[in-house]
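The next block holds one structure in the form of structure tokens; read it before the comments.
The values are calculated or read from the model by the stated rules, or taken from the named source; none is laboratory data. Keep in mind the model is a prediction, meaning the values are calculated, not measured. Cβ placement follows ideal geometry from the backbone for every residue including glycine, while neighbour counts extend to all protein chains displayed. Heavy atoms of the whole protein, side chains included, go into the accessibility calculation; ligands, DNA and RNA do not. Shrake-Rupley method; radii C 1.70, N 1.55, O 1.52, S 1.80 Å.
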Amino acid sequence: VSTLPTGDQNDAVYITRLARLGSEARSLKVDFQITRHPSTEVKVYYRAFKAGDTADPNTVGWTFIGAPITTLQQQYDSTATDEILWKDYAYEVKGLNFNAFQIKIVMKSWSQARVPLIADLRAIALAT
């Protein structure tokens, strides 16, 4: 399962390094560009750590972020695209208190010949 601290049953998984912050943040925003075939899907997970937390990051499970948010007054379009058309996806989690975080992106496909492609990954910790 993708929420377990270690291991994943999916073949295409990207995990960022642990990002440590100089001050506490309350929100986490992840955005990237993606092109994907209709037979593929992408899921985004995070794990956040509070100041002074002594837990080993490899023992803390992942939390599913959910569906992308609406940005720039455009409705979120979850339809797949042609493989040459790139779309912006943005995810946000609010109500956290953390000073370190990691992002995990799970890419799924029914065919190894057609996989989601991701570019311009940005993870931003917000103080608001």
Among the lysines, which fall within straight-line cross-link reach of Lys94, defined as a Cα-Cα distance under 21 Å, with same-chain neighbours fewer than 8 residues apart omitted? Lys29, Lys43, Lys50, Lys104
Rounded to a whole number, what % of the accessible area of the chain do carbon and sulfur atoms account for, probe 1.4 Å? 49 percent
Using a basic spin-label model with each label point 7 Å from the Cα along Cα→Cβ, how many nm lie between Gln112 and Gln33? 2.9 nm
Which of Ala123, Trp110, Tyr89 sits farthest toward the positive end of the charge dipole of segment 85-128, with +1 on the Cβ of Lys and Arg and -1 on the Cβ of Asp and Glu? Trp110
Need the list of aspartates and glutamates near Lys87 for cross-linking: C-alpha distance under 19 angstrom, and skip anything on the same chain fewer than eight residues off. Asp31, Glu41, Asp77, Asp120
Contour minus Cα-Cα span, Tyr14 to Lys87, at 0.36 nm per residue, comes to 24.4 nm
Sorted by chain and number, the residues with a modelled amide H under 5 Å from that of Ala12, at a separation of 5 or more or across chains, are Met107
Taking 0.36 nm per residue of separation and subtracting the Cα-Cα distance, what length does fully extending Thr63 through Glu41 add? 6.2 nm
Residue by residue through segment 47-61, the couplings from Karplus 6.51 cos²θ - 1.76 cosθ + 1.60 with θ = phi - 60°, in Hz, x for Gly and Pro, are 9, 10, 10, 7, 4, x, 5, 9, 5, 5, x, 7, 10, 9, x
Running a GNM on the chain with Cα contacts under 10 Å, which residue among Asp11, Asp56, Asp88 ends up with the highest mean-square fluctuation? Asp56
Matching label for the computed Rg and Dmax of the Cα atoms in Å, out of (1) 15.2, 46; (2) 22.6, 69; (3) 22.9, 65, is (1)
May I ask you to order 57-69, 26-38 by the average number of other C-beta atoms within 10 Å around their residues, highest value first? 26-38, 57-69
For segment 11-56, shape from the Cα gyration tensor axes a ≥ b ≥ c, cut at a/c of 1.5 then a/b versus b/c, turns out prolate
Evaluate the charge dipole of the chain about its Cα centre and quote only its size in Debye, nearest 20, assuming +1 on the Cβ of each Lys and Arg and -1 on the Cβ of each Asp and Glu. 260 debye
Rounded to the nearest 0.05, what FRET efficiency do Asn97 and Ala119 have when you use their Cβ-Cβ distance and R0 = 35 Å? 0.70
With every protein chain left in place, what is the accessible area per residue of the chain in square angstrom, probe 1.4 Å? 61 Å²
